[in-house]
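Visitor: Below is a structure I'd like to ask you about.
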Amino acid sequence: MKVLVVGNGGREHALAWKLLKSEQVEQVICAPGNGGTAAMEGCRNLPLAVDNFQGIKEFALENDIDLVVVGPELPLALGIADYLEDANLTVFGPKKAGARLESSKSWAKGLMEEAGIPTAKSATFAREEAEAAKAYAAERGAPIVVKADGLAAGKGVTIANTVEEAIAAIEAATTGQFGAAGDRLVIEEYLTGQEVSVLALTDGRAIVPLLPAQDHKAIGEGDTGSNTGGMGAYSPAPLVTPLLMERINKEVLEPAIATLSKRAIDYRGVIYAGLMISPNDDIWVLEFNCRFGDPETQVILPLLETPLEELMLACARGNLSAVLPIRWRKDRVAACVVMASGGYPGSYQKGKAIGGLDRAAEQGALIFHAGTEVKEDRILTSGGRVLGVTGIGSNFNEAFAGAYRGIECIDFEGAYYRRDIGYRVLAMGNGE
């Protein structure tokens with residue numbers, strides 16, 4: 001079969017890589033793809049932007065594409081699944097109505113309230129209600145969380161440790177920092193505990209979680225500094241015990257899909273729950289996303305044994321139960337460390353030559369490209385998050401050692417990465 005993957009990040013490289021592991025997948029086309037997908041055997045890039053729905057549809061129809069996999073949230077929020085399914089194409093990813101889980105935090109809050117899903121107390125304000133938002137933050141006190149309601153590439157959340165920081169975040173968001181994403185703000189209480197990502201596959205009726213992962217969103221070591229799209233991850237997260245996963249199913253995932261169905265939304269694809277787990281094992285939903293996580297995908301898929309295209313087709317066709325249970329490599333764990341351009345998540349330079357990729361692969365690391373491109377037979381940086389370097393091992397010590405061993409082989413001007421990814425899981429004594 002032939003699969004078209006929409007997107008150009010590390011997530012999409014990982015999806016293409018995993019799809020090509022199956023004997024049933026003869027070719028993967030990535031639109032637009034990146035330097036890594038361009039160089040992968042069995043894969044080629046298609047120079048179409050993720051929002052070029054007509055071009056994607058015409059290519060898929062003319063080239064007998066069996067499955068379209070949509071990676072990023074933006075085309076899903078814009079309705080790419082609706083558009084392609086109207087042309088009788090098979091699509092993995094929710095339609096526009098379901099993608100509101102991610103494209104509008106206030107809408108997701110309403111759904112959680114209806115479903116009885118535990119989440120932080122919050123209030124929503126329109127852009128023109130900035131003064132009321134500031135007054136609310138002052139009344140509630142700090143720490144407090146300020147979120148742009150719409151899509152902001154993972155950077156629209158401010159954890160304000162003082163009321164002054166909260167007011168500054170409200171001012172920035174309502175005066176254009178996040179564009180249209182800041183038309184509305186969600187201000188919510190600050191929760192304590194550990195964050196964990198639980199991604200689940202659904203066909204609109206059945207819903208089944210993948211292995212849990214923990215991400216590191218902050219740019220600085222010790223989880224300090226600005227939020228990013230993610231600087232590293234590991235899976236499976238020991239924090240999520242089988243008993244806790246059972247509760248997440250019953251208290252979060254099943255109510256979510258049931259309430260979507262109640263609203264006549266036929267949701268097929270990934271539901272990604274960003275959770276806060278308190279020291280007492282209370283579960284709170286911080287946010288929902290409508291697609292695979294990045295870099296969570298880069299540590300979950302290497303542990304998957306069930307062919308990925310079987311699961312995706314089953315979701316798209318409404319028969320997920322027929323291919324369950326999902327099979328995993330139970331004797332392995334995975335860890336990913338992101339290499340970023342200097343200055344990210346602020347301004348950064350592009351076009352820096354990347355060296356040492358072959359040496360890193362020889363060390364056993366999996367290299368998933370994100371912000372890269374090929375020019376004149378050279379791989380250059382083209383984004384903020386440049387590479388995700390993944391190590392696989394029988395324990396987390398081995399997995400992280402493999403990832404960092406790979407990173408030591410790679411160089412590009414201004415390269416930055418956190419040296420403490422996984423510090424929590426290693427401190428818990430789960431390294432071996």
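Visitor: For region 86-141, which trypsin sites (Lys or Arg not before Pro) are in a loop by DSSP, counting at most 15 other Cβ atoms within 10 Å?
Guide: Those satisfying the criteria are K121.
Visitor: For the pair E246 and D281, how long in nm is the line joining their label points, each one 7 Å along Cα→Cβ?
Guide: 1.0 nm
Visitor: Then there's this: With volume of the Cα convex hull per residue in Å³ in mind, check (i) 216; (ii) 136; (iii) 147 and report the label derived from this structure.
Guide: Label of the calculated value: (ii).
Visitor: Hey, what number do you get for the chain at 222 nm if only DSSP H runs of n ≥ 4 count, each worth -39500 (n - 2.57), divided across all residues, to the nearest 500?
Guide: Calculated mean residue ellipticity at 222 nm is -8500 deg cm²/dmol.
Visitor: Sticking with this structure for a sec: Just grab the label-to-label distance for R332 and D358, each label 7 Å out from Cα along the Cβ direction, in nm (one decimal).
Guide: 2.4 nm
Visitor: Quick check: residue separation of Q177 and D51 times 0.36 nm, minus the Cα distance between them. What number comes out in nm? Don't skip to the answer; put the middle values down first.
Guide: Numbers: separation 126, 0.36 × 126 = 45.36 nm, distance 2.22 nm.
Length difference between fully extended and current span is 43.1 nm.
Visitor: Then there is this: With a 10 Å radius around each residue's Cβ, average the other Cβ atoms per peptide and rank 192-198, 42-48, highest first.
Guide: Going by the mean number of other Cβ atoms within 10 Å, highest first, we get 192-198, 42-48.
Visitor: For the cross-link pairs K96/K155; K18/K262; K57/K352; K217/K250, which exceed 24 Å when the distance is taken from alpha carbon to alpha carbon? Write out the running numbers ahead of the final one.
Guide: Details: K96/K155 22 Å; K18/K262 34 Å; K57/K352 34 Å; K217/K250 27 Å.
Pairs exceeding 24 Å: K18/K262; K57/K352; K217/K250.
Visitor: To continue, here is another question. Leaving out ligands and nucleic acids, note down the accessible area per residue over the chain with a 1.4 angstrom probe, in whole Å².
Guide: With the other protein chains kept in place, the chain gives 40 Å² per residue.
Visitor: Just to confirm a number: summing +1 for Lys and Arg and -1 for Asp and Glu over residues other than C409 whose beta-carbon lies under 11 angstrom from that of C409, what do you get? Can you show the working numbers first?
Guide: Details: positive: R359, R405; negative: D358, E362, E408, D411.
Combined, the nearby Lys, Arg, Asp and Glu give -2.
Visitor: Cβ neighbours within 10 Å, averaged per peptide: list 288-298, 141-151, 20-30 in order, most packed at the top.
Guide: Put in order of decreasing packing, that is 288-298, 141-151, 20-30.
Visitor: With each pseudo-label sitting 7 Å past Cα toward Cβ, what's the N397-Q24 distance in nm, one decimal?
Guide: With each label placed 7 Å out from Cα toward Cβ, I get 4.0 nm.
Visitor: I would also like to ask the following. With a sphere of radius 12 Å drawn around the Cβ of L304, what net charge do the other residues whose Cβ falls strictly inside it have (Lys, Arg +1; Asp, Glu -1)?
Guide: So the surrounding residues net to +3.
Visitor: Taking a cut-off of 16 Å between Cα atoms, list the lysines near K134, but don't count ones fewer than 8 places away on the same chain.
Guide: Reachable lysines: K147.
Visitor: A further question follows. How large is the dipole of the chain about the Cα centre if only Lys and Arg carry +1 and Asp and Glu carry -1, each at its Cβ, rounded to the nearest 20 debye?
Guide: Values: 41 positive and 56 negative charges, 36 e Å.
Its charge dipole is roughly 180 debye.
Visitor: Follow-up. So, R0 is 22 Å and r is the distance between the beta-carbons of K375 and S347; what FRET efficiency does that work out to, to 0.05?
Guide: E(calc), rounded to 0.05, equals 0.55.
Visitor: Quick one: with all protein chains in place, what share of the accessible area of the chain is carbon or sulfur, to the nearest percent (1.4 Å probe)?
Guide: Taking all protein chains in place, the chain shows 46 percent carbon and sulfur surface.
The values are calculated or read from the model by the stated rules, or taken from the named source; none is laboratory data. All figures in this text were calculated on a predicted structure; none of them were measured in a lab. Positions of Cβ are generated from backbone atoms using ideal geometry, with glycine treated the same way; all protein chains shown enter the neighbour counts. The accessibility values were calculated without ligands, DNA or RNA, using every heavy atom of the protein model including side chains. Shrake-Rupley method; radii C 1.70, N 1.55, O 1.52, S 1.80 Å.
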